[in-house]
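Below is one structure, written out as structure tokens; comments come after it.
The values are calculated or read from the model by the stated rules, or taken from the named source; none is laboratory data. In this text the structure is predicted, and so the values were computed from the model without any measurement. Remember, those area values only see protein heavy atoms, side chains included, never the ligands or the DNA or RNA. Shrake-Rupley method; radii C 1.70, N 1.55, O 1.52, S 1.80 Å.
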Amino acid sequence: MDNKKHVALLKRGTACWNAWRNKNPDVRPDLTEADLHDANLDGADLGGADLSDGDLSGANLGWANLSEANLRGTVLKEANLSHALLAKANLSQANFCDANLGRANVVGANLSGAELQRVSLWEADLSRADLSGANLSGANLSGATLKEAHLGQANLRGTNLTKADLSGADLREADLQRALLVETDLSDTDLTASRIYGTSAWSLRLERAKQQNLLITPENEPSVTVDNIEVAQFVYLLLHNEKVRDVIDTIGKKGVLLLGRFTEGRMDILERLREKLRSLGFVPMVFNFNKPATKDFTETVRLLCNLSHFVIVDITNPRSAPLELQATVPDYMVPFVPILERGQEPFAMFVDLHIKYDWVLEPAIAYSSSDRLIDVFEEKIVQPAEAKFNQLLTRRTQKLRIVEV
């Protein structure tokens with residue numbers, strides 16, 4: 001039986017189709033490139049069928065069996081797949097825009113690169129599904145199960161993940177901007193380098209979650225990263241709410257600001273510094289000058305500086321660093337530890353800052369390699385910075401001396 005006969009048989013209705021499937025269990029239906037838009041396939045047995053590159057837009061596939069079916073490149077816009085069985089189906093590059101997959105079983109399905117904008121997947125089971133690179137912007141995944149799902153580089157902008165179970169999921173470099181994360185289970189999840197600007201995160205489960213290098217700024221601003229999604233909301237609030245900033249001095253500081261121009265060839269230095277700070281119990285905050293300046297560029301650095309226990313500034317081949325140090329060093333009594341690659345010379349303005357303000361530490365640490373810098377990190381950077389911090393703290397709390405004349 002060729003493709004046309006399979007399509008004609010399916011169009012005769014679900015009852016006729018399912019009866020034929022029961023009599024021919026070993027036949028894999030060939031429905032490639034079939035035009036089935038608006039078809040009523042409620043409860044149809046399409047398990048293992050080849051529906052690739054077809055048109056199922058507007059079709060009713062409620063309660064249908066699509067397990068292990070090939071739907072690669074299929075158009076499913078506004079289709080109804082509520083309660084459908086899609087376990088281990090190949091849905092890569094499929095277009096599900098505005099489709100209804102509420103309570104669908106999509107366990108282990110391949111949805112990599114699929115178009116799922118505004119799709120309804122409420123209470124659906126997507127455990128172990130491959131959604132890497134998929135576009136789920138504006139989708140409703142409330143109450144959905146995404147245990148151990150692959151969502152690396154997925155677009156989850158504005159997605160509703162309220163009460164969703166993402167335990168063990170891979171969300172590396174995912175775009176979670178403006179996503180709704182309320183009572184969401186993110187335990188054992190990898191969120192490394194995901195973008196979370198505007199994300200609403202409340203009452204999350206984050207046990208053993210990996211939360212490094214979370215981006216809290218939009219693409220058109222210099223990147224600011226933190227290591228905790230809940231701290232991210234707080235830091236972003238501080239960047240935009242002047243009243244909240246006034247309480248910062250009463251908070252024990254664990255943040256360390258890393259300033260510098262970390263281009264691709266120098267990313268190893270940045271990553272090694274981050275890891276070392278984390279191992280010592282600090283919270284690294286990175287401001288990378290390898291971004292275009294904006295009107296809030298200097299203000300952002302000033303605020304992050306004020307949040308910091310101390311600042312490590314890499315003055316190797318500086319561009320923006322002189323301007324930002326001039327805007328921060330005079331106003332903030334925070335230890336500044338200068339580092340630079342061996343063979344480089346500090347820029348003139350930095351020497352002037354050191355002369356005027358004793359919280360700019362000397363000597364500058366000239367490192368020959370990232371390994372050597374980490375070897376001396378505690379002795380040459382942390383201990384002097386801590387000593388200076390305590391000295392400055394004592395100075396700030398000293399009473400004004402009064403001399404009677």
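Structure notes:
- In this structure, the amide hydrogen of Asn288, modeled 1.01 Å from its nitrogen in the peptide plane, lies closer than 5 angstrom to those of Ser223, counting only residues at least 5 positions away or on a different chain.
- Three-way shape call for segment 1-125 based on the alpha-carbon gyration tensor, with the a/c threshold at 1.5: prolate
- Per-residue accessible area (protein heavy atoms, 1.4 Å probe) orders Glu345, Glu379 as Glu345, Glu379, starting from the largest.
- In segment 321-405, Rg over Rh equals 1.07, where Rg is the alpha-carbon radius of gyration and Rh the Kirkwood radius from pairwise Cα distances.
- Under 5 Å, built H, 5+ apart or other chain: amide partners of Thr316: Glu341
- Across Lys254/Lys388; Lys210/Lys380; Lys77/Lys210, pairs whose alpha-carbon gap is larger than 23 Å: Lys210/Lys380; Lys77/Lys210
- Annotation: the antiparallel percentage among DSSP beta bridges lying fully within the chain is about 5.
- Computed on protein heavy atoms with a 1.4 Å probe, the accessible areas place Glu341, Glu275 in the order Glu275, Glu341, largest first.
- For segment 301-353, the spread of Cα positions along each principal axis, largest first, Å: 32, 17, 16
- Per residue, the accessible area of the chain comes to 47 Å² when a 1.4 Å probe rolls over the protein heavy atoms.
- All C-alpha pair distances within segment 64-118, sorted into 5 Å bins from zero, spread as 7, 24, 31, 33, 6 percent across the bins.
- For segment 175-185, the Karplus equation 6.51 cos²θ - 1.76 cosθ + 1.60, evaluated at θ = phi - 60°, returns couplings of 9, 10, 4, 6, 6, 9, 10, 10, 6, 8, 8 Hz by residue, with Gly and Pro reported as x.
- Solvent-free Debye calculation, one equal scatterer per alpha-carbon of segment 148-209: log10 I(q)/I(0) at 0.12 Å⁻¹ equals -0.22.
- Helical mean residue ellipticity (222 nm; -39500 (n - 2.57) per DSSP H run of 4+; nearest 500) of the chain: -7000 deg cm²/dmol
- For the pair segment 89-105 / segment 206-235, the C-alpha centres are spaced 30 Å from each other.
- Two-decimal Rg to Rh for the chain - Kirkwood Rh, Cα set: 1.16
- Solvent-free Debye scattering, log10 I(q)/I(0), computed from the Cα coordinates of segment 87-153 at q = 0.19, 0.24, 0.27 Å⁻¹: -0.58, -0.99, -1.31
- Descending Cα extents along the principal axes, segment 174-216, whole Å: 22, 20, 12
- 3J(HN,Hα) couplings calculated from phi for segment 137-143 with the Karplus curve 6.51 cos²θ - 1.76 cosθ + 1.60 (θ = phi - 60°) are, in sequence order, 4, x, 6, 9, 10, 4, x Hz; Gly and Pro show x.
- Across the alpha-carbon atoms of segment 112-236, the computed radius of gyration and Dmax are 12.7, 38 angstrom.
- 3J(HN,Hα) along segment 118-128: 6, 5, 9, 10, 4, 6, 6, 9, 10, 3, 6 Hz, from the Karplus curve 6.51 cos²θ - 1.76 cosθ + 1.60 with θ = phi - 60°, whole Hz, x for Gly and Pro.
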